[in-house]
Amino acid sequence: MSAKKNHVRLAAVVMAGSLALTACSAGSGGGSADGTASKTGVTLALTGEPVNLDFTTTAGAAIPQALMSNVYEGLVEIDQDGEIQPLLAESWELSNGNKTYTFKLREGATFSNGEAFTADDVKFSIERVKSDAWISSLKKKMDVVDSVKVNSDTEVAITLKKPSNAWLFDMGTLVGAIFDPSGVDDLANKAIGTGPYAIDAWNRGQSIEFATRDDYWGEKPAIQTATLRYFADAVATTNALQSGDVDVVYNMQSPELLSSFESDPKYQVLDGTSNGEIILSMNNKKAPFDDKRVRQAVMYAIDRQAVIDTAWNGYGTKVGGPVPTTDPYYEDLNDVYPYDPAKAKSLLKDAGAENLNITFTVPTRPYATAVSEIVVSQLAEVGINAKIESSEFPAVWLDEVFTKHDYQMSVVLAVESRDVLSMFNNPDYYLGYDNSKIKDLAASADAADEAGYVEGMKKVVRTIVDDAAADTLFIFPNIVVADANVTGIPANSVTEALDLTNLGWK
């Protein structure tokens, strides 16, 4: 059995989609009796296009979604059950009071530019995350690393400042991506990794085309090409599927359109899990949301189940806090802020914020548009007049809201795995939450044993929810609609990556 990707070949999942013109048609190749046996490629429809190819300096999920697992790999990867599995590392040992990880590395792995993968690349990549070269706020996940020592070409020892429950999992996400030192000069336009695919063409505004690497170190994908096509809206993705221009709509953005596919044997529909939280963001550093009572009023004013039913056709999971059900420290916190308009009005009166006018900056994404309409209606019932201001996503929203923090309220799908501390344990993050209450709690939890980690993180999450730092409206479903003959679509979205390596045809 190959070392690479011992995943169950699950049929079909889809996440955030858009499509674009490509050099080949969907499922290109072929000519068997059923029209599928000779197909050599799979085309997927998405609705969130990368602004560039550099996730080290550019926020947003679209870049790692396209590149992680496919072009870039880490020492470890996260499987469909959320478990850590070896990847570029064959194995590892823990020593020095659970602070030093010694990794035995794969031999024979190369980057797509022909350079050999060695322990020096591991050292370079980790130290680069800690340097000014990385701008992404996720780089904080590597702060716990104290030193990286190259023992040989195939062995590297990484010592942490303290034991950490979270660090090894984080190494299976984008901060753990391994780069070639000679391949980082133009990351915005060129992606060079050890993965099974190389980018064959990037048609900006339309598509990214991947070609299977003949020199890949592990098990090669069953298909020769994979294409991500980007569409402006969800209806266009389903139209493209019905016309045969694409094979898969991943992370479907219009659940109300599912009925036309569910009863048709030509298609498969999957309702997978996701770690993406639909976050109703309140700028904790800007009036009126610098007042905890106003934030709590919003929490009581929102009927989250009604949001799910109205905006997303009943798909999605109500959790009550910024943690998906797949995280080890998840607990149901829906009872903390039940739907209670009278309580919301009372809190607003107490805060002297009755008949409140706010600006609601809504990114141009299907989920955001759908959610914002019901949220505005519910806020109006308690005396909050929210004026919607559309913000082009990703470029404008990332600049104004995420980077400059120039907003009062917004809504966004946060898809980074185990991101609760990234969002709330950093006062400079766009939410502006004062992390003084949770900073020490989080540090103690991370350094504890497994049971202490889980209990400590539950305390962190409860504190965040009690402070009404943001309203997690629901956990986004991972709905996929695909040609019935496509196999190997990952059913769950456990990290940012859309893993294309197991795709194939019956």
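The values are calculated or read from the model by the stated rules, or taken from the named source; none is laboratory data. Here the structure is a predicted model, which is why all the values come from computation and not from measurement. Because the Cβ atoms are built from the backbone with ideal geometry, glycine has one as well, and the counts that use them run over all protein chains shown. These accessible areas exclude ligands, DNA and RNA; they are computed on the full protein's heavy atoms, side chains included. Shrake-Rupley method; radii C 1.70, N 1.55, O 1.52, S 1.80 Å.
Starting from the Cα-Cα distance between residue 381 and residue 143, subtract it from 0.36 nm times their residue separation and give me the gain in nm to one decimal. Working shown, then result.
Working: separation 238, 0.36 × 238 = 85.68 nm, distance 4.46 nm.
Full-extension gain reported as 81.2 nm.
Return the whole-Å distance between the Cα centroid of region 423-445 and the Cα centroid of region 188-216.
37
Please work out the FRET efficiency for the pair residue 354 and residue 444, using the Cβ-Cβ distance as r and a Förster radius of 56 Å; give the result to the nearest 0.05.
Numbers: r = 41 Å, r/R0 = 0.73.
For residue 354 and residue 444, the calculated efficiency is 0.85.
Tell me the Kirkwood hydrodynamic radius of region 142-220 in angstroms, computed as one over the mean inverse distance between distinct C-alpha pairs.
Details: mean 1/r = 0.0648 Å⁻¹.
Radius from the Kirkwood sum: 15.4 Å.
Tell me, what is the per residue accessible area of region 178-256 in Å², probe radius 1.4 Å? Please report the intermediate quantities before stating the final value.
Numbers: 2940 Å² over 79 residues.
Spelled out: the 1.4 Å probe surface of region 178-256, per residue, equals 37 Å².
Based on alpha-carbon positions alone, could you give the equivalent ellipsoid semi-axes of region 383-463 from the gyration tensor, as √(5λ), descending, whole Å?
Details: eigenvalues 186, 37, 26 Å².
They are 30, 14, 11 Å, listed largest first.
What's the Kirkwood radius of region 308-365 in Å, using all Cα pairs? Don't skip to the answer; put the middle values down first.
Working: mean 1/r = 0.0684 Å⁻¹.
Averaging 1/r across every pair of different Cα atoms and inverting gives 14.6 Å.
Given the -39500 (n - 2.57) contribution per DSSP H run of 4+ residues, what per-residue ellipticity at 222 nm results for the chain, rounded to the nearest 500 deg cm²/dmol?
Numbers: 12 runs with 110 residues, N = 506.
One gets -6000 deg cm²/dmol as the mean residue ellipticity at 222 nm.
Defining a contact as two alpha carbons under 8 Å apart and six or more residues distant in sequence, what relative contact order in percent does the chain show?
Values: 1200 pairs, mean separation 124.2, N = 506.
Averaging sequence separation for qualifying contacts and normalising by length gives 25 percent for the chain.
If you build the convex hull over the alpha carbons only and average its shadow over all orientations, what do you get for region 181-263? Give it in nm² to one decimal. Mind dumping the intermediate values first?
Numbers: hull surface 29.8 nm².
Mean projected area for region 181-263: 7.5 nm², to one decimal.
For region 450-490, go through all pairs of different Cα atoms, get the mean of 1/r, take its inverse, and jot down that Kirkwood value in Å. Show your work: numbers first, answer last.
Values: mean 1/r = 0.0718 Å⁻¹.
By the Kirkwood definition, the hydrodynamic radius is 13.9 Å.
At residue 325 and residue 287, where each label point lies 7 Å from the Cα along Cα→Cβ, what is the point-to-point distance in nanometres?
4.3
Beta carbons within 10 angstrom, averaged per residue: use that to sort the peptides 111-118, 242-249, highest first. Let's see the in-between values first.
On the way: 111-118: 17.1, 242-249: 22.4.
Per-residue Cβ counts within 10 Å, averaged per peptide and sorted highest first, yield 242-249, 111-118.
What does the accessible area per residue of region 31-129 come to in Å², with a 1.4 Å probe and no ligands, DNA or RNA counted?
Details: 3500 Å² over 99 residues.
Value for region 31-129: 35 Å² per residue.
Run the quick spin-label model on residue 188 and residue 484: label points 7 Å from Cα toward the beta carbon, then report their separation in nm to one decimal.
The two pseudo-label positions are separated by 4.7 nm.
Heavy atoms of the protein only, probe of 1.4 Å, neighbouring chains included. What is the accessible area of residue 411 in Å², nearest 10?
0
Too long at a 31 Å Cα-Cα cut-off: which of 141/286; 141/506; 190/387; 162/190; 162/459? Don't skip to the end; give the middle numbers.
Working: 141/286 27 Å; 141/506 40 Å; 190/387 40 Å; 162/190 36 Å; 162/459 20 Å.
Result: 141/506; 190/387; 162/190 exceed 31 Å.
Applying 1/(1 + (r/R0)^6) with R0 = 35 Å to the Cβ-Cβ distance of residue 90 and residue 364, what FRET efficiency is obtained, to the nearest 0.05? Mind showing how you got there, number by number?
On the way: r = 44 Å, r/R0 = 1.27.
Approximately 0.20, to the nearest 0.05.
Leaving ligands, DNA and RNA out of it, report the carbon-plus-sulfur percent of the accessible area of the chain at a 1.4 Å probe.
Details: 8660 of 19000 Å².
Summing carbon and sulfur atoms, their accessible area is 46 percent of the total for the chain.
Kindly report, to the nearest 10 Å², the accessible surface of residue 365 as traced by a 1.4 Å probe over protein heavy atoms only.
20
In whole Å, how far is the Cα centre of region 114-149 from that of region 243-302?
33
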